[in-house]
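The values are calculated or read from the model by the stated rules, or taken from the named source; none is laboratory data. No experiment lies behind these values; they were computed from the predicted model shown. Note that each Cβ is placed from the backbone with ideal geometry, even for glycine, and that neighbours are counted across all protein chains shown. Just so you know, the surface numbers come from the protein's heavy atoms only, side chains and all, with ligands and any DNA or RNA stripped out. Shrake-Rupley method; radii C 1.70, N 1.55, O 1.52, S 1.80 Å.
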Amino acid sequence: MACEGTLLGMGNPLLDISAVVDDGFLTKYDIKLNNAILAEDKHLPMYDEMSEKYTVDYIAGGATQNSIRVAQWMLQKPGATSYIGCIGKDKYGEEMKKNAKHAGVNVHYYEDEAAPTGTCAVCVVGGERSFLLLLWLEHLSVIVEKAKYYYIAGFFLTVSPESILLVAEHAAAKNKIFSTNLSAPFICEFFKDVQEKVLAYADFVFGNETEARTFSKVHGWETENVEEIAIRISQWPKASGAHKRITVITQGADPVVVAEDGKVTLFPVTLLPKEKLVDTNGAGDAFVGGFLSQLVQEKPIADCVKAGTYAANVIIQRSGCTYPEKPEFN
């Protein structure tokens, strides 16, 4: 079993405020289905209105925190995972702390009195989603020295690449495992330089096929072949030679691509009947969480992928990045 505090995540904690709304609500706030946007001033009243008019679920979210929560759920060992992030001293921050504590994650929230807690409004209409992100400046807390594995999604490049590099350099110096995620096409496009610096330290790189193809385009590789791109990412020069790099690319219902040692292995995923699909929010984060839950136990890559696909399969059958009390993973 993984020891206490073995896995540490750092990122943008967002309190997911999820509710089934109506078309009128979307129209009022100019929100389109299946879209992700940054909040503007006109969107700020919607959070209170959602709480007043609809049945709301509060979930401790944000890409990295989702993955850490899922890893914690899969491990079923209280305190096996830790998380660093920044919240405000407000009601949403209190909801975040309550939710994270219930999940069993050892959270290290820096509470900022000057800025509110980051929130993500998840508006569901007929099973389709639209995400509204309100991101706030993060504060780097102390690194949990006893961690042996680190995971930071690429979204944190928008906030504090210096903090990511500090963790990455620590992991390299101490012969620990550092993992990151391509996270989104816009990260690959607009944060190319800092992403390259972080990639040099990454022992595991996660992403999906769209992000991989964008990474290829940005770097002028002139290929959309996901397997070839995965190999090239795995062969990106490393700042530390202690561990080889392994690239893991998900492709929705298509096989997971794993590239290492110049070779690709394809792992099929369990297909879910459409009528069982409830909410794809957090599926990619859940895959990473499931994968990491086995990686920290030094299980084979095949087991890590199997756990990742299991976790993602569970999450998409529920509303938001949530899960039952215990996993049924063997």
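A few comments on the model shown:
- Of the criteria (1) part of a helix (DSSP H, G or I); (2) surrounded by fewer than 18 Cβ atoms within 10 Å (Cβ to Cβ); (3) touching a Lys or Arg at 6+ places or on another chain (Cβ under 8 Å), which one residue 197 fails: (3)
- For the residues 254, 279, the requirement of being surrounded by fewer than 17 Cβ atoms within 10 Å (Cβ to Cβ) and acidic (Asp, Glu) singles out 254.
- Looking across region 283-311 at every residue that is at pLDDT 95 or above and among the small types (Gly, Ala, Ser), the one that is surrounded by the fewest Cβ atoms within 10 Å (Cβ to Cβ) is identified as 302.
- The residues of region 200-232 that are in contact with a Phe, Trp or Tyr (Cβ under 9 Å, 6 or more places away or on another chain) and in a helix (DSSP H, G or I), listed by number, are 214, 215, 228, 229, 232.
- Any chance residue 258 is of a type in the set (A, V, I, L, M) and touching a Gly at 6+ places or on another chain (Cβ under 8 Å): no
Quick grid of which residues meet (1) assigned to a strand (DSSP E or B); (2) open to solvent by 30 Å² or more (accessible area, probe 1.4 Å); (3) of a type in the set (Val, Ile, Thr):
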position: 5; (1), (2), (3): no, no, no
position: 17; (1), (2), (3): yes, no, yes
position: 24; (1), (2), (3): no, yes, no
position: 30; (1), (2), (3): no, yes, no
position: 52; (1), (2), (3): no, yes, no
position: 65; (1), (2), (3): no, no, no
position: 68; (1), (2), (3): no, no, yes
position: 72; (1), (2), (3): no, no, no
position: 84; (1), (2), (3): yes, no, yes
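- When residue 58 is tested against (1) farther than 14 Å from residue 6 by Cα; (2) part of a loop (DSSP other than H, G, I, E, B), only condition (2) is not met.
- Contacts under 7 angstrom Cβ, first residue in region 166-185 being under 15 Å from residue 241 (Cα atoms) and β-branched (Val, Ile, Thr), partner outside any strand (DSSP E or B) and open to solvent by 10 Å² or more (accessible area, probe 1.4 Å), 6 or more apart: 177/148; 177/243
- When region 170-200 is limited to residues that are under 19 Å from residue 296 (Cα atoms) and among the charged types (D, E, K, R), the one that is nearest to the chain's Cα centre (by Cα) turns out to be 176.
- For residue 9, the requirement of being under 29 Å from residue 328 (Cα atoms), part of a loop (DSSP other than H, G, I, E, B) and not basic (Lys, Arg) is not met.
- Of all residues in region 201-232, those that are farther than 20 Å from residue 285 by Cα, among the aliphatic types (A, V, I, L, M) and open to solvent by less than 20 Å² (accessible area, probe 1.4 Å) total 1.
- Residue in region 140-150 that is within 23 Å of residue 232 (Cβ to Cβ), under 17 Å from the mean Cα position of the chain (by Cα), surrounded by 23 or more Cβ atoms within 10 Å (Cβ to Cβ) and modelled with pLDDT of 90 or more present: no
- Options 79, 104; residue that is free of Cβ contacts under 8 Å to residues at least 40 places away in the same chain and on the phi > 0 side of the Ramachandran plot: 104
- Applying a threshold of 6 Å to beta carbon distances and a minimum spacing of six or more residues, or different chains, the list of pairs starting in region 282-300 at a residue that is hydroxyl-bearing (Ser, Thr, Tyr) and ending at one that is modelled with pLDDT of 95 or more and crowded, with 24+ Cβ neighbours inside 10 Å reads 293/71; 293/74; 293/307.
- Within region 161-194, the set of residues being part of a helix (DSSP H, G or I) and in contact with a helix residue (DSSP H, G or I) (Cβ under 8 Å, 6 or more places away or on another chain) comprises 161, 163, 164, 165, 168, 185, 187, 188, 189, 192, 194.
- Residue count for region 86-126 under the criterion of being farther than 14 Å from residue 17 by Cα, open to solvent by less than 50 Å² (accessible area, probe 1.4 Å) and either in a helix (DSSP H, G or I) or polar (S, T, N, Q) (or both): the result is 2.
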